[in-house]
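Undergrad: This structure is in structure tokens; I'll ask about it shortly.
No lab work stands behind these numbers, since they all come straight from the coordinates. Predicted model, so just to flag it, every value in this text is computed and none were measured. All Cβ positions, even for glycine, are placed from backbone atoms using ideal geometry, and neighbour counts span all protein chains on display.
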Amino acid sequence: MKLFRRRPVLPARSRPPLAAEERILAWSAVGDTAGTEHVVVATNHGLWLPSAVERLGWHEIHKAAWSGRELRITPAEVLAERDGYTVLADGPEASFLLLEPGELPDQVRTRVTRSVAYTTYHPLPGGAVRVVGRRVGGRDGLSWAVRYDSGTPAESPEIVEATGELVGAARSAADPTD
């Protein structure tokens, strides 16, 4: 009788180049018509996608969706760096058919959700913005970013000023020393 079922070990040839303190939490082979072996690997620092040379940090994932067979990841794309925050947009979505998902979808959902420490949504003239404070592994404090709704005039001086004020208010609200 087997009391503990262990997940098969990730083959060495599929292992991503982990950092010294990085550890694998879950992984799954990905369905591929070319017949080559590809994997998605979740670590305590982020998600390694097939053929990636760098990991996608949990704080860099805007959306993650699991259909029961397919994992869809939408990364954040940096549009601009402003004083104290970054302006982000959705990057191109990537989809992966997971052959044996195991704990991978759960780890992705948990880690992406856990990285969000603060989020608010604000209407602006001509659109709206979401202000987000996220935890970044290995770094103290929060990383601040905004994501404008489509059509929002994000470069107009009054929107930039209003956004700066909203991020400042969010920082103050999230700072436990205030």
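Undergrad: For the pair W66 and A52, how long in nm is the line joining their label points, each one 7 Å along Cα→Cβ?
TA: Those two pseudo-labels are separated by 1.6 nm.
Undergrad: At 0.36 nm per residue, and after removing the present C-alpha to C-alpha distance, how many nm does the segment from A173 to D149 gain when stretched out fully?
TA: Value of the extension gain: 6.4 nm.
Undergrad: May I ask which residue of G168, H122, V39 lies farthest towards the positive end of the charge dipole of the chain, with charges of +1 (Lys, Arg) and -1 (Asp, Glu) on Cβ and the Cα centre as origin?
TA: Going by the Cα projections, it comes out as V39.
Undergrad: Let me ask you something else. Distance from the Cα centre of the stretch 98-128 to that of the stretch 60-94, in angstrom?
TA: The distance from the Cα centre of the stretch 98-128 to that of the stretch 60-94 comes to 9 Å.
Undergrad: Of all GluC sites (Glu not before Pro) in the stretch 75-105, which ones are in loop regions per DSSP and have a Cβ with at most 12 other Cβ atoms within 10 Å?
TA: E93
Undergrad: Projecting each Cα onto the charge dipole of the chain (Lys/Arg +1, Asp/Glu -1 at the beta carbon, about the Cα centre), which of P11, H62, I73 comes out farthest on the positive side?
TA: The residue sitting farthest along the positive end of the dipole is P11.
Undergrad: Now for a separate question. Any chance you could give the angle, 0 to 90 degrees and rounded to 10, that helix 157-174 forms with the longest Cα principal axis of the chain?
TA: Once rounded, one gets 60 degrees.
Undergrad: Count the net charge of all other residues whose Cβ sits under 12 Å from the Cβ of D149, scoring Lys and Arg as +1 and Asp and Glu as -1.
TA: +1
Undergrad: Further question: With +1 on the Cβ of every Lys and Arg and -1 on the Cβ of every Asp and Glu, and nothing else charged, how large is the dipole of the chain about its Cα centre, in debye rounded to the nearest 20?
TA: In total the dipole reaches around 1120 debye.
Undergrad: If you take the alpha carbon radius of gyration of the stretch 58-178 and divide it by 2.2 N^0.38 Å, what ratio comes out, to two decimals?
TA: Normalised Rg, Cα atoms only: 1.17.
Undergrad: While we're here: Between R13 and A162, 0.36 nm times their residue separation minus their Cα-Cα distance comes to what?
TA: Residue separation times 0.36 nm, minus the Cα-Cα distance, leaves 48.7 nm.
Undergrad: So, one more: When you count, for each residue, the other Cβ atoms within 10 Å and take the mean per peptide, how do 44-57, 147-160 rank with the highest first?
TA: Most protected by this proxy first, the peptides run 44-57, 147-160.
Undergrad: Right, next: Restricting the count to DSSP beta bridges whose residues both fall in the chain, what percent are antiparallel, rounded to a multiple of 5?
TA: 95
Undergrad: For the pair Y118/A20, report the inter-label distance in nm, with labels modelled 7 Å from Cα in the Cβ direction.
TA: 3.2
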